[in-house]
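The values are calculated or read from the model by the stated rules, or taken from the named source; none is laboratory data. Computed from a predicted structure; not experimentally measured. Cβ: placed from backbone, ideal geometry, glycine included. Neighbour counts: every protein chain shown. Just so you know, the surface numbers come from the protein's heavy atoms only, side chains and all, with ligands and any DNA or RNA stripped out. Shrake-Rupley method; radii C 1.70, N 1.55, O 1.52, S 1.80 Å.
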Amino acid sequence: MTTTKASPSSIQKSFNVAIVGGGITGATTAQTLLKSSINNSDSDCTYNNNMMINVHLYDQGQRGVGGRASHRRVESPPMDTITTMGSEKEQQPAKKLPMRWDHGCQFFRADTEKMQNLVQKWMEEDIVKKWEGKFMSSPAAAADAISPSPSPSSSTRTRRDFFGMPSMPPFYVGVDGMQSVPKGILDLAQKNSLERNDNESGGSISTLRVFTGTRVAQLEQNKKSKKWKLFGTSGTAAYHDTPESAIQKLKRKNGNQLPPVSCSDAVPETCEVEAEAEAGLEYDAVILTDVSSSFGAWHRASAGIPPQFAERVKSRVGARVPLLTAMIAFDTSSGITGIPFDASTFDHDVLWFASKNNSKPGINGNGTVNDDTNNTNGNGNIECWTLVSTPEYAMAKIEETPMQDPTTGSFIPQSPDYLTTVPGPDLLKAFQEELSNNYSDSIGDQFPNVVYMNAQRWGSAMPCHRQLRESSETRTVISGVPYDSGRQPLAPTQLEIDANINMEESSSFLHDEELMLYQAGDMMSSYTPGFESAALSGIDAAESLIRKLKRIEGMDA
């Protein structure tokens, strides 16, 4: 490989770009921006230092980057009972039980050529693998797949389609849980950036820093420079599930003012933070990847974006699809559970999908990584299952327990007490019903013991389909937020027609070139909702910004 290096004098300008959100959209955005400084070919690697982009990615996640591709690790169950079918018996687990769940996105697709090319590279870098297992549909859903009802809107096949599972493989997952996909992409992007910088002589190229546990709560534009300054908080005050009282206490401590986001105060996830504070740093552009950034200040994910841009984002979204997930662990020390599948869709009012995390590549029988040195309890002691609710059930629960206090207007974080007493048990009961009604021969007379149960609320799990507008019969407005449970096929990933989007503009993201603000993610995209749509949106938004920055510098776009 030959390398051509530009002299420092050839660097005309460096740009600072902030990315808000570290899910798959934020990861592909950052990866694409960093590639702007290097041109690859089969025979050589030519550095293009005419433009340098310094990328700072901020994510408020408590457990690191991931967003909806989050992964939960638990070492000791909080439950003091082991639940059986219709009964409970007191039994404290004898020792710590390592358990893991993908409790958001369960897998992803690669239907478009661009995504297929990406996945091939990710597989070569050992970030992604195919998930191959025993995939099923409940008998009712399977029967309807053979003879669907005449009306697509009422078809059980359409209602129970879960991103093409089980009939439209391949399905892909992260090698160490779904969270490892965005994290692996960011790790690789930073590694490549550091290696290229090490190879430079006197010059420098695009860099990436990732900061977790950091909430961007306000954007402020310098009227003179037109650049953006970010304000927010880090640590406990940034997390979604922190009680509102703790947030208000912090605000009072700071005189009800939000401090500038400082890299030195954030929690580094994939980089080392230099000692000097960078409070006061201004950004040439901001790319937002969490649609909740457009909410008002009451919401824990609000980024305080300009009202006119927020209104455009809300209009583009249309409505959201909420979901609830439950994390269940079964004790298998006395034998297998008898559940005859690794993943299945269901024809049930509460339960949409279930998957055994242990069946995914990289996670073995007790929830740990497939490495004998980490196998502390031996294979087969625990089966970790993720249960995904139907949108209809999630909408009903959000209406019963909204995310905004109707009196004070304050954000209501998800309470562990609520999650483990309402959605968790409801989803577990639905799973038990499906197994008992359809798979009793495999399960036997007694349902496997449950040693752990928790749940998660995803208020913006995905956008509704573009065909569903305000007149949709399945739309409900809760606390001023439109939700829609209407179903259309979620596979393959393809362009959905939306008359409200000017096709001369982007079909996968929203932007304001004068403000230098971008909103990316599948919530903005006209492609089928899901992980693939979100990943492509980040790439498209980054490429659009690169073209804009090149025009600023008078380069060829």
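Residues of segment 167-224 that are modelled with pLDDT of 90 or more, surrounded by fewer than 20 Cβ atoms within 10 Å (Cβ to Cβ) and assigned to a strand (DSSP E or B): Glu220, Gln221. If you go through segment 473-495 and pick out every residue that is buried (at least 18 other Cβ atoms within 10 Å of the Cβ) and in a loop (DSSP other than H, G, I, E, B), you end up with 6.
Scanning segment 514-557 for residues being touching a residue at least 12 places away in the same chain (Cβ under 8 Å), farther than 22 Å from Pro482 by Cα and assigned to a loop (DSSP other than H, G, I, E, B) gives a total of 4. Are any residues in segment 410-469 closer than 10 Å to Ala326 by Cβ and among the aromatic types (Phe, Trp, Tyr), and if so, which ones? Listed by number, the list holds a single entry, Phe431.
Restricted to segment 400-422, and to residues there that are under 23 Å from the mean Cα position of the chain (by Cα) and not in a loop (DSSP other than H, G, I, E, B), the residue that is surrounded by the fewest Cβ atoms within 10 Å (Cβ to Cβ) is Pro416. Within segment 450-467, the set of residues being open to solvent by 30 Å² or more (accessible area, probe 1.4 Å) and touching an Asp or Glu at 6+ places or on another chain (Cβ under 8 Å) comprises just one member, Gln467. Residues of segment 527-551 that are in contact with a strand residue (DSSP E or B) (Cβ under 8 Å, 6 or more places away or on another chain) and open to solvent by 50 Å² or more (accessible area, probe 1.4 Å): Tyr527 alone. Just one of the listed residues (Asp331, Asp342, Asp372) is surrounded by fewer than 23 Cβ atoms within 10 Å (Cβ to Cβ) and at pLDDT 95 or above, namely Asp342. Does segment 443-459 contain any residue that is under 25 Å from Met395 (Cα atoms) and out of contact with any strand residue (DSSP E or B) (no Cβ under 7 Å at 6 or more places or on another chain)? The answer is no, given that none of the residues of segment 443-459 is under 25 Å from Met395 (Cα atoms) and out of contact with any strand residue (DSSP E or B) (no Cβ under 7 Å at 6 or more places or on another chain). Those strands (runs of 3 or more DSSP E) of segment 28-140 in which 3 or more residues are closer than 27 Å to Ala520 by Cα and either at pLDDT 85 or above or open to solvent by 10 Å² or more (accessible area, probe 1.4 Å) (or both) occupy 38-40, 51-58, 128-130. Residues in segment 518-557 that are of a type in the set (Ser, Thr, Tyr) and within 18 Å of Leu34 (Cβ to Cβ): 3 in all.
Do we have Glu470 as part of a helix (DSSP H, G or I) and not polar (S, T, N, Q) here? Judged against the criteria, Glu470 is not a match. Could you check, for segment 540-549, whether at least one of its residues is among the β-branched types (Val, Ile, Thr), touching a Ser or Thr at 6+ places or on another chain (Cβ under 7 Å) and under 20 Å from Tyr283 (Cβ atoms)? Yes, segment 540-549 contains a residue that is among the β-branched types (Val, Ile, Thr), touching a Ser or Thr at 6+ places or on another chain (Cβ under 7 Å) and under 20 Å from Tyr283 (Cβ atoms).
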